[in-house]
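Just so it is clear, none of the values below were taken in a lab; they were calculated from the coordinates. Just so you know, these numbers come straight off a predicted model, no measurement behind them. With ideal geometry, Cβ positions are generated from the backbone for all residues, glycine too; neighbour counts draw on all protein chains shown.
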Amino acid sequence: MYFLNFIQQPKILKMKILAFAGSSSNQSINKRFAIYTGNLFEDKQLEILDLNDYELPLFSVDKEEEIGKPAIARTFLDKIDWADVLVLSVAEHNAGLTVAFKNIYDWASRQRVKVFDNKPMLLLSTSPGKGGGKNAVEAAQIIFKRYGGNVRATFSLPSFNDNFDIEAGKISNKEHDDALKDIIRNFDYGKEPS
Ligand SMILES: Cc1cc2nc3c(=O)[nH]c(=O)nc-3n(C[C@H](O)[C@H](O)[C@H](O)COP(=O)(O)O)c2cc1C
C-alpha cells in the first residue's frame with residue numbers, strides 16, 4: 001500500500017535557489033543578507049555559493065592566454081545552470097562592484113557571454129551606510145543587461161548594523177522586512193527578461 005502511494009504521488013519539484021554575495025569578505029554582510037533572503041522563498045532547495053571558492057588571478061587577456069579557460073569559472077556557470085532563481089546581494093566598494101565579484105564575472109563571461117543565462121534574479125545589496133549599497137545595484141543592472149541578467153526585482157537594505165540582527169540571521173526592522181517579503185511574494189519567475 002505504501003509502495004502504491006509512493007508511485008502515485010506526483011513529484012513536487014522544488015524551486016532551486018542559488019544565493020550568493022558579490023563579495024569575498026569572510027564576514028560578508030551581503031552573504032548573510034542573501035542567505036536570509038534565499039530562505040524566505042517557500043518550497044525551495046537552497047544552495048549558498050561563496051565567492052572565495054571561485055578565486056582566480058585578476059583577469060587580463062594576457063593571463064587568459066597563459067591559463068586558458070579556468071575550470072573554476074566553468075563551475076561557477078554550472079551553479080548558475082543548476083538554479084531556477086538567483087538571489088545575489090552585491091557589496092558596494094567605492095560606489096561600484098567589488099573586484100572579487102567583477103573578476104569571476106569577467107572570467108565566466110569568456111566561457112559564456114550570457115553569464116546569468118536569463119535566470120530570474122532578485123538583486124540585492126546592503127551596506128553599513130544609509131544608501132545600503134544602491135550604487136552597486138545600479139552598476140550591476142547596467143552591466144548584467146547584456147550578459148544574460150534577468151533582474152526581476154531589486155532591494156537594498158540600508159544601515160545594515162541597525163536593521164539586521166546578525167545573531168538571529170534576520171532583518172530586525174519590520175518595515176524593511178515586510179517590504180522584502182512583499183517582493184518575494186510577488187516575485188515574477190519568468191525566464192525571459194522583462
Ligand atoms: C574599499 C571599500 C570601499 C567601500 N565603499 C563603499 C561605498 O561606496 N558605499 C558603501 O555604502 N559602503 C562602502 N564600503 C563599506 C562596505 O559597504 C562594507 O565594507 C560592507 O561590509 C561590504 O559588504 P560585504 O561585507 O558583503 O563585503 C566600502 C568598503 C571598502 C573596504
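Data overview
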quantity	calculated
Considering only segment 17-185, percent of DSSP beta bridges that pair antiparallel, nearest 5	10 percent
Helix-derived mean residue ellipticity, 222 nm - over the chain, DSSP H n ≥ 4, -39500 (n - 2.57), to 500	-11500 deg cm²/dmol
Residue order, fewest to most beta carbons within 10 Å, for I143, I80	I143, I80
Given K16/K69; K14/K174; K14/K79; K79/K174; K63/K102; K102/K174, the pairs whose alpha carbons are separated by over 22 Å	K16/K69; K14/K174; K79/K174; K102/K174
Nearest-20 debye value, the chain charge dipole, Cβ charges on Lys, Arg, Asp, Glu	440 debye
In range of the label at I142: residues from segment 81-106 whose backbone nitrogen is under 12 Å from the point 7 Å along Cα→Cβ	95-97
26 Å tail of the calculated P(r), the chain, as % of Cα pairs	33 percent
Dipole of segment 17-185 [Lys/Arg +1, Asp/Glu -1 at C-beta], most positive-end residue of I184, F20, P70	I184
Unit charges at the beta carbon, dipole of the chain: most positive-side option, A140, A95, V115	V115
Derived scalar couplings ³J(HN,Hα) [segment 170-176; Karplus, 6.51 cos²θ - 1.76 cosθ + 1.60; whole Hz; x for Gly, Pro]	8, 5, 9, 8, 4, 4, 5
Relative exposure of S25, S60, judged by other C-beta atoms within 10 Å (fewest first)	S60, S25
Lys, Arg +1 and Asp, Glu -1 on Cβ, resulting dipole of segment 86-194 about Cα centre, debye, nearest 20	560 debye
